[in-house]
Amino acid sequence: MRAKQFISVVAMATLMVSCGTQKQATTSVGRGVEMDIPCQVYDDADYFRSSGTSTNVNQQNARSAALAAAKSMINQKLGGTVKGITTDYQKVLAGNAQQEDIARLIEGELQMAVERTLNDAEQVCEKMFRQDDGNYESWIGIQISKKKLAAEMEKGLSENEKLKVVYDRDKFEEKYKEYFK
């Protein structure tokens, strides 16, 4: 009876050790080490979001560069959106002869609206680490409201003297809503 218990205990211990070993081997083969990324933020129906990181010997410089990286990421995301809205909206408004001029004006106004909105971006996360080598690693997550951005875009278009003649709020709203989904 003792022999059966001993064999059962040894078999159970072997099974537990082999399961643990097998699990470790499968998670590290060819993939490296999985890292936890602080301040990871994602767009949703109401906000464009982004995170940035930077490492520097100076804590404030690391923080400033991380914030600039997060803003740059949102600006990159919105670059295609601004271009798409511009293209679609200006096609609705102008004939072929005026399309290029109108497109330049619209794109300029929309890009300025993005810049104004990014200047007021809301910080939603910040993590600072002091690394073993003495450097500071900063992570920052930011967001901008889609409603606020749309309002800034509409304001820019409606107040532009050259665009006042062709600006149609309803048509513009229809176009940006397609892109802000």
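May I ask you to verify whether A45 is at pLDDT 90 or above, under 19 Å from the mean Cα position of the chain (by Cα) and in a helix (DSSP H, G or I)? In short, no. Among the residues of the range 30-63, those identified as farther than 26 Å from T81 by Cα and of a type in the set (K, R) are R31, R63.
When the helices (runs of 4 or more DSSP H) confined to the range 71-181 are screened for residues that are aromatic (F, W, Y), those reaching at least 3 such residues are found at 169-179.
Residue check: L157 meets all listed conditions (1) surrounded by 15 or more Cβ atoms within 10 Å (Cβ to Cβ); (2) at pLDDT 90 or above but one, namely (2). With the structure loaded, tell me whether A13 is farther than 30 Å from K147 by Cα, modelled with pLDDT under 95, assigned to a helix (DSSP H, G or I) and of a type in the set (G, A, S) or whether it fails that test. Criteria met by A13. Number of residues in the range 97-129 that are farther than 30 Å from E173 by Cα, out of contact with any Phe, Trp or Tyr (no Cβ under 6 Å at 6 or more places or on another chain) and among the charged types (D, E, K, R) equals 1.
The C-beta contact set for the range 45-71 (first residue free of Cβ contacts under 8 Å to residues at least 60 places away in the same chain and on the phi < 0 side of the Ramachandran plot, second residue part of a helix (DSSP H, G or I) and surrounded by fewer than 17 Cβ atoms within 10 Å (Cβ to Cβ), distance under 7 angstrom, 6+ apart or interchain) is empty. Checking each residue in the range 104-159 for being among the hydroxyl-bearing types (S, T, Y) and without any contact (Cβ under 8 Å) to a residue 40 or more places away in the chain picks out T117, S158. Determine if the range 121-139 includes at least one residue that is within 15 Å of N75 (Cβ to Cβ) and touching a Leu at 6+ places or on another chain (Cβ under 6 Å). No; the residues of the range 121-139 include none that is within 15 Å of N75 (Cβ to Cβ) and touching a Leu at 6+ places or on another chain (Cβ under 6 Å). I106 satisfies every condition listed in (1) of a type outside the set (D, E, K, R); (2) within 15 Å of Y167 (Cα to Cα); (3) within 17 Å of the chain's Cα centre (by Cα) except (3). Residues in the range 86-108 that are buried (at least 18 other Cβ atoms within 10 Å of the Cβ) and at pLDDT below 85 were compared, and the one that is nearest to F48 (Cα to Cα) is T86.
The values are calculated or read from the model by the stated rules, or taken from the named source; none is laboratory data. Fair warning: this is a prediction, and the values are worked out from it, not measured in the lab. FYI the Cβ positions are ideal-geometry reconstructions off the backbone, even for glycines, and counts take in every protein chain you see.
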